[in-house]
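A.B. asks: Pasting a structure here, questions to come.
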Protein chains: 6
Amino acid sequence: MRPSRRAPDELRAVSLERGVVKYAEGSCMVKFGDTHVLVTATLEERLPPWLKGQGRGWVTAEYGMLPRATLERTRREASAGKQNGRTVEIQRLIGRSLRATVDLEALGERQITVDCDVIQADGGTRTASITGAWVALADCIGWMKARNMIKGNVLRDNVAAISCGIYGGTPVLDLDYAEDSEAETDANFVMTGDGRIIEVQGTAEKTPFSQDEFLALMALARKGVARLVDLQKMAVA
Amino acid sequence: MRPSRRAPDELRAVSLERGVVKYAEGSCMVKFGDTHVLVTATLEERLPPWLKGQGRGWVTAEYGMLPRATLERTRREASAGKQNGRTVEIQRLIGRSLRATVDLEALGERQITVDCDVIQADGGTRTASITGAWVALADCIGWMKARNMIKGNVLRDNVAAISCGIYGGTPVLDLDYAEDSEAETDANFVMTGDGRIIEVQGTAEKTPFSQDEFLALMALARKGVARLVDLQKMAVA
Amino acid sequence: MRPSRRAPDELRAVSLERGVVKYAEGSCMVKFGDTHVLVTATLEERLPPWLKGQGRGWVTAEYGMLPRATLERTRREASAGKQNGRTVEIQRLIGRSLRATVDLEALGERQITVDCDVIQADGGTRTASITGAWVALADCIGWMKARNMIKGNVLRDNVAAISCGIYGGTPVLDLDYAEDSEAETDANFVMTGDGRIIEVQGTAEKTPFSQDEFLALMALARKGVARLVDLQKMAVA
Amino acid sequence: MRPSRRAPDELRAVSLERGVVKYAEGSCMVKFGDTHVLVTATLEERLPPWLKGQGRGWVTAEYGMLPRATLERTRREASAGKQNGRTVEIQRLIGRSLRATVDLEALGERQITVDCDVIQADGGTRTASITGAWVALADCIGWMKARNMIKGNVLRDNVAAISCGIYGGTPVLDLDYAEDSEAETDANFVMTGDGRIIEVQGTAEKTPFSQDEFLALMALARKGVARLVDLQKMAVA
Amino acid sequence: MRPSRRAPDELRAVSLERGVVKYAEGSCMVKFGDTHVLVTATLEERLPPWLKGQGRGWVTAEYGMLPRATLERTRREASAGKQNGRTVEIQRLIGRSLRATVDLEALGERQITVDCDVIQADGGTRTASITGAWVALADCIGWMKARNMIKGNVLRDNVAAISCGIYGGTPVLDLDYAEDSEAETDANFVMTGDGRIIEVQGTAEKTPFSQDEFLALMALARKGVARLVDLQKMAVA
Amino acid sequence: MRPSRRAPDELRAVSLERGVVKYAEGSCMVKFGDTHVLVTATLEERLPPWLKGQGRGWVTAEYGMLPRATLERTRREASAGKQNGRTVEIQRLIGRSLRATVDLEALGERQITVDCDVIQADGGTRTASITGAWVALADCIGWMKARNMIKGNVLRDNVAAISCGIYGGTPVLDLDYAEDSEAETDANFVMTGDGRIIEVQGTAEKTPFSQDEFLALMALARKGVARLVDLQKMAVA
């Protein structure tokens, strides 16, 4: 039995609320249960130096947690003077995930920066971030289309992400913090709307897992992502 | 005429919503119009090294802005590797303001850290932060009382803050961004529930102001703070 | 009775010695009693990036303390790897104060950097810095005039600053360290030669002060600044 | 045809040379073709603060590249003042991978730090690092056993890692730089001697991959890791 | 002919003024012509961690330049966030030079920190710093003796330093900036009162020098240091 | 008797192996006994900003130690976030030493960066670095000549370096770690192929040395450098 009494293949309550910050070209408050992430997408007419003059744009991401998003207060990274390794890892993952379905040529020589700030953390902040980031990104691209800044299909497909893990011997979907801290292994899957894989990250610090276990997690993830993509489509409709 | 069509002595719509983050001992989402700040108060059984063993506690504050709280995206301080001068100034102000009405001996050898994170900025983020911080702090102290951790009156009075400025030649209360960027001079007042002054910061980068102008601003501020203190009392009742 | 036996409205011995560093376009060793600050003004034909091409110049300030300017040695900020919050606050204040009376258009596309380095600290380092900085700035502008680099009146008025506080229940002028560390409240006033206010910073960490107390401090400050402005005029005559 | 003319399931020439640095408790120069990594394992009788007094030890890793390990010189991280995101990601991966087969209780309250420094980089530096790190770690543990510092089986199994990717439409094993920069997708697999999975990281920045493609990569990886584990066993025999 | 019209073996006017900062246990304003360095010596009852409990004390030094000590303004190191290589080199040299004649056992478990801050720089700031630092150090040790904190001879000998160089083909003593920037080679000598060598640093970036040239510089240096030691003895008498 | 049983004027076994890193324009693994340093020379068509447009090139150096090059593991500088004072001192010395025999005009507007990374440290890492760096630099310049990028004689002479010290009362050549940590005084000499001096750094933290002792060290150094220059000539022949 999961601590939250969910079925093994049951997501937490998911909500995707758009337009939550008035200045941003796109924004989304994404909630996976008690995990709440505020995502904004910012369009800028500038590029990283190494990308200038190549006729392509760029999508990048930054990730942060408010100090008291967590059970115990976490030190503010701005005050510590640097982003820790986990933060760096997550924001690189978010950026790669989004770029996988963006047509950077069609975007033109511009940069979209997606900021994911965790307001409350109860496990799965990176998967919630990616799922909400796609919504903010879609709104940002919609904003550009409304101003005739781009033509054609910049966003080729949906992108959503979910975690799975083996908890008490059973493969389960969408781990919350109580499960995540007890799970033998867990994996994060980033997938497209048509079911292909963008990123897989499986980690088994306690007990290495077998190929069959891994396939069971992947099957759960496909189901979860399909549901998240449906919710994204409803949100941006 | 003010851009917002408010009367010279009229505050923006103010709201103080408590209990917005489930882990924090106290929290408050404070809104002064389109300025939204999420405040949390964290209790920790530890002290800065220089305060140990003196039988007193400490209250400190940290301040941050989400990158897209502003019209243009601001660089994330965690990524820049340091807090800028404005951030440092504001968080020191918030800390001093709160400590002025806390009985640090009665608090005991503990630290309360108040985090003020600006979700959306439309002028007056520091005054909104202080006003909301008092509510989060009061809830944190209530949380301690409910657990018999403290006796007596840790919080001696309310603390609230408001900005005033001379806009188009007229003294006005609670400047929003449109006014703030045009004002000849502006001042921030932090005051107690009984009308005394904790902090005054008046700045006249464009045109120095006369003593009479300054007194007019102070009179407006007293009115504004009295109203904010009423709203705080209703919020925590 | 003040520890220094001064009358409540009595400044410490003030001296403003010009031309103390041979390379600088303007320089001043300012002493308020045992508080000694070396100020230099540097003219550079460059601007911060955000100001380029606007036909205006800039005046900025940096502040530092030699490690043993204080009773106990303070850690060298260059070795600590960053400027602390107090330093940042003070140097921003000095810069704003000077800019309030400089005609930045008349200055042209150039930057003047004022460096205030505290050689010995006995309270009031920020007010001494501002008062001496005006002298160094005036000399730097004189240096430019002598070379026909500018026309007209770049410096519209004098700027000087003084602290006041309530010590032993009495409002007193120009606090030294012994008073400052005991004062219930204190405030710093930056004013122009014609008696208008540029900056007011009043802080009451121990006991909030009433409006009447604040007005008494302001009256003392007007007197003190008027005397400092006289001394500045004599110094640059 | 692969640029190196290797068969799709063919590793580069692998060598694992032990005892290459005289001071270290364990060391290994690992070569996967032209990718050369110098690994040392250091035993220290100290622990990270958060682990003290729990009766367990710790294994951690650091990763670096010599500036001219690469085609173009890379800026030295010590001079840049921080480790970049890629470095942080890799060293966290190496540490997690090694810990998955170490019995931290049996290790006792000690820390082993594994340093992986890339002398020459031709793709696959992280998989070579992990594979060589296991050898250095095994030697370090052997060093402890020879001194009766530990009993029983600290190292439960081998750990090795390999990359796979889809190059020119074909799944291939052990990508070199020429392949890696052209591959549609690639994945790194960290596995145990008995064929279970410790870490999977699949990334498809260009073209998302299907589940079948992913399974093909995993099959190649199992073969490659089995071969690497054989080589490790020969090396430490 | 030297730009300053000095004879080849002629020092600039040297002055050593003691007691220039009221808080420090020892202080000295040292002037070698237009090079002015303010030196303080601070006694602290603490030690660097690696030296604790060994029955010995420590002497260390820090060096800095005020931003406008130089012809062009130099960026403030506290603001740049780090000390540059030249600063680090010089402060290490000063510390080593002083320690060479201090009996660290006789000093006891205490640290003396010598701060050398350049007010005005016209060449030879490191040699002036060392020469003045010895005076401040001697005063600090005198301060301790007057309080019966130490017995016996903590300071075994004088230490002074001077630069020499080959300018226009002629070996000359005590280079000023005009000479230093034109000299083919230069060397700094740190010597004791009895004529022995503590440090020699000879650098020939433009033209390597012969052994005879080096010996000519050393002979000049012995003469110069002997004169500086006489001045130190007069200063502390 | 020296711990290594070498004669007082005997170098350790020296080897200079070229071409050890495939990407670099020049490279050398230099060994002085158990001190091993990997040196690479990188040619780049760019210059430091302050040197642009002057028709001259630049040679600079960076130095690092792998964490376990030493008996005890040293903290990785990239992870500590800065290069320590010793590192900065050494890399500046290497750069100055090389520039002394390079004709920067003949090099043209390009930069050569020499990276010296210590694989194993047993004393004399800076002298080994300089000696090996000259070989890598010579190969880099050869690489340019082979491509007709330069004409004439960019490298005017050889540069090599050696340490000497007084150990057990006797002047000895090429100190290893066992001697270095016990020596009363030591000095590093950087000299040209024709026997002239580029840098001398003599340090006597324990016991100041006499002029005669210094001359004895210098005589040893001349002998040692002459031998190293012979080895360099054989290596690049």
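A.B. asks: Can you give me the C-alpha center-to-center distance between region F:49-90 and region E:105-126, rounded to a whole angstrom?
C.D. replies: Taking the Cα centre of each part, region F:49-90 and region E:105-126 sit 26 Å apart.
A.B. asks: Quick one: in chain C, what % of C-alpha pairs are over 31 Å apart? Walk me through the numbers on the way to the answer.
C.D. replies: Values: 5990 of 27966 pairs.
Value for chain C (Cα pairs over 31 Å): 21 percent.
A.B. asks: Sorted from shortest, what are the nm distances separating the label point of E:Thr207 from equivalent points in the other copies, each placed 7 Å from Cα along Cα to C-beta?
C.D. replies: Result, one decimal in nm: 3.9, 6.8, 6.8, 7.6, 7.9.
A.B. asks: Once all Cα-Cα distances of the protein assembly as shown are split into 10 Å bins that start at 0, what whole-number percent is in each one?
C.D. replies: Each 10 Å bin holds this share of Cα pairs: 1, 7, 13, 18, 19, 18, 14, 7, 1, 0.
A.B. asks: Just need log10 I(q)/I(0) for region F:119-183 at q = 0.12, 0.18 Å⁻¹, Debye formula, equal scatterers on the alpha-carbon atoms, no solvent, rounded to two decimals.
C.D. replies: -0.46, -0.72
A.B. asks: Still on this structure, I have one more. Counting Lys +1, Arg +1, Asp -1, Glu -1, what net charge surrounds B:Ala41 among other residues with beta carbon under 9 Å of its beta carbon?
C.D. replies: Neighbour charge sum, excluding B:Ala41 itself: -2.
A.B. asks: Can you give the accessible area buried between chains E and C, summed over both chains, with a 1.4 Å probe, in Å² to the nearest 100?
C.D. replies: Counting both chains, the buried surface is close to 2900 Å².
A.B. asks: From the label point of D:Ser15, set 7 Å from Cα along Cα→Cβ, how far away are the matching label points in the other copies, in nm, ordered shortest to longest?
C.D. replies: 1.3, 6.3, 7.0, 7.0, 7.6
A.B. asks: Let me ask something additional. If you wrap a convex hull around the C-alpha atoms of region D:137-237 and split its volume per residue, what is the figure in Å³?
C.D. replies: In region D:137-237, the Cα hull volume divided by residue count equals 108 Å³.
A.B. asks: Run the accessible area of region A:39-140 with a 1.4 Å probe and give the carbon-and-sulfur part as a rounded percent.
C.D. replies: Its accessible area is 47 percent carbon and sulfur atoms.
A.B. asks: Rounded to whole angstrom, how close does the nearest chain C beta-carbon get to the axis mapping C onto D, and which residue is it?
C.D. replies: C:Gly81, 5
A.B. asks: With 20 Å as the cut-off, how large is the P(r) tail for region D:1-130, expressed as percent of Cα-Cα pairs?
C.D. replies: Percentage above 20 Å: 52.
A.B. asks: Quickly estimate the mean residue ellipticity at 222 nm for the protein assembly as shown, helices only: each DSSP H run with n ≥ 4 gives -39500 (n - 2.57), and the total goes over all residues, rounded to 500.
C.D. replies: Value at 222 nm, helices only: -10000 deg cm²/dmol.
A.B. asks: Right, here's the next one. Could you work out which residue, out of B:Val200, B:Val118, B:Val30, moves most in a Gaussian network model of chain B, that is, has the largest mean-square fluctuation with Cα springs under 10 Å?
C.D. replies: B:Val200
A.B. asks: Rounded to the nearest 0.05, what FRET efficiency do D:Glu44 and E:Arg46 have when you use their Cβ-Cβ distance and R0 = 35 Å? Don't jump to the answer; show the numbers that get you there.
C.D. replies: Numbers: r = 26 Å, r/R0 = 0.75.
The calculated FRET efficiency here is 0.85.
A.B. asks: Going through region B:103-200, which trypsin sites (Lys or Arg not before Pro) have at most 11 other Cβ atoms within 10 Å and a DSSP loop state? List each step's numbers first, then the result.
C.D. replies: Working: sites: B:Arg110, B:Arg126, B:Lys145, B:Arg147, B:Lys151, B:Arg156, B:Arg196; in loops: B:Arg110, B:Arg147, B:Lys151, B:Arg156, B:Arg196.
Those satisfying the criteria are B:Arg147, B:Lys151.
A.B. asks: Under a 5 Å amide H to amide H cut-off, with H placed in plane at 1.01 Å, what residues pair with D:Val20 once short-range neighbours are removed?
C.D. replies: D:Ser27, D:Cys28, D:Met29
A.B. asks: Give the angle, between 0 and 90 degrees and rounded to the nearest 10, that separates the Cα long axis of helix D:85-99 from the longest principal axis of the Cα atoms of chain D.
C.D. replies: Once rounded, the angle reads 60 degrees.
A.B. asks: Lys and Arg at +1, Asp and Glu at -1: add these up for the other residues within a Cβ distance under 11 Å of D:Thr170 and post the number. List each step's numbers first, then the result.
C.D. replies: Values: positive: D:Arg2; negative: D:Asp9, D:Glu179, D:Glu184, D:Glu213.
Its environment carries a net charge of -3.
A.B. asks: Give, in whole angstrom and from largest to smallest, the semi-axes √(5λ) of the equivalent ellipsoid of region A:3-68, with λ running over the eigenvalues of the Cα gyration tensor.
C.D. replies: They are 33, 15, 12 Å, listed largest first.
A.B. asks: How large is the convex hull of the Cα atoms of region E:180-237 per residue, expressed in Å³ as a whole number? Working shown, then result.
C.D. replies: Details: hull volume 5.1 nm³, N = 58.
Considering the Cα atoms of region E:180-237, their hull volume per residue is 88 Å³.
A.B. asks: Measure nothing but the geometry: give the 0 to 90° angle between the long axis through the Cα atoms of E:125-146 and the longest principal axis through the Cα atoms of chain E, rounded to 10°.
C.D. replies: Rounded to the nearest ten degrees, it is 20.
A.B. asks: In addition: Can you compute the charge dipole magnitude of the protein assembly as shown about its Cα centre, using +1 on each Lys and Arg Cβ and -1 on each Asp and Glu Cβ, nothing else charged? Give it in debye, rounded to the nearest 20.
C.D. replies: In total the dipole reaches around 0 debye.
A.B. asks: For B:Asp122, enumerate residues with amide H under 5 Å from its amide H, sequence gap 5+ or separate chain, H modeled in the peptide plane.
C.D. replies: It is B:Thr35, B:His36, by chain and number.
A.B. asks: With only Lys, Arg, Asp and Glu charged, each at its Cβ (+1 for the first two, -1 for the last two), find how big the charge dipole of region C:78-158 is about the Cα centre; round to the nearest 20 debye.
C.D. replies: Charge dipole, region C:78-158, about its Cα centre: 160 debye, nearest 20.
A.B. asks: Using only the alpha-carbon atoms, how far is helix C:211-236 inclined from the longest principal axis of chain C? Give it as 0 to 90 degrees, nearest 10.
C.D. replies: For C:211-236 against chain C, the angle is about 40 degrees.
A.B. asks: Looking at chain B, identify the longest residue range that excludes and avoids all GluC sites (Glu not before Pro) in DSSP loops having at most 11 other Cβ atoms within 10 Å.
C.D. replies: B:73-237
A.B. asks: Next up: At A:Asp230, label 7 Å along Cα→Cβ: distances to the other copies, nm, ascending?
C.D. replies: Distances between equivalent label points, in nm: 4.9, 5.1, 8.5, 8.6, 9.9.
A.B. asks: Also: Looking at chain E, how many pairs of lysines come closer than 24 Å at the Cα, when each pair is eight or more places apart or spans two chains?
C.D. replies: Here the count comes out as 10.
A.B. asks: OK, next. Per residue of region B:56-64, in order, report the coupling 6.51 cos²θ - 1.76 cosθ + 1.60 (Karplus, θ = phi - 60°) as ³J(HN,Hα) in whole Hz, putting x for Gly and Pro.
C.D. replies: Each residue of region B:56-64 in turn: 10, x, 8, 10, 9, 9, 10, 10, x Hz.
A.B. asks: Work out the mean other chain Cβ neighbour count within 10 Å for the residues of A:41-50 and drop it here as an integer. Kindly include the intermediate steps, with their values, before the conclusion.
C.D. replies: On the way: counts 2, 5, 1, 2, 0, 0, 0, 0, 0, 0.
Average per residue, whole number: 1.
A.B. asks: Further question on the same structure: Quantify how strongly other chains surround peptide F:57-68 by giving the mean number of their Cβ atoms within 10 Å of each of its Cβ atoms.
C.D. replies: Average per residue, whole number: 4.
A.B. asks: Please report the antiparallel percentage of DSSP beta bridges with both residues in the protein assembly as shown, rounded to the nearest 5. Present the calculation step by step, with values, prior to reporting the outcome.
C.D. replies: On the way: 261 of 309 bridges.
Here the antiparallel bridges make up roughly 85 percent for the protein assembly as shown.
A.B. asks: Once the other residues with Cβ under 11 Å from the Cβ of E:Ala187 are scored (Lys, Arg +1; Asp, Glu -1), what is the net sum?
C.D. replies: Residues near E:Ala187 contribute -4 overall.
A.B. asks: A further question on this structure: Between region D:164-192 and region C:201-237, what is the separation of their alpha carbon centroids in Å?
C.D. replies: 72
The values are calculated or read from the model by the stated rules, or taken from the named source; none is laboratory data. Just so you know, these numbers come straight off a predicted model, no measurement behind them. Positions of Cβ are generated from backbone atoms using ideal geometry, with glycine treated the same way; all protein chains shown enter the neighbour counts. Please note that ligands, DNA and RNA were not included when accessible areas were found on the heavy atoms of the full protein model with its side chains. Shrake-Rupley method; radii C 1.70, N 1.55, O 1.52, S 1.80 Å.
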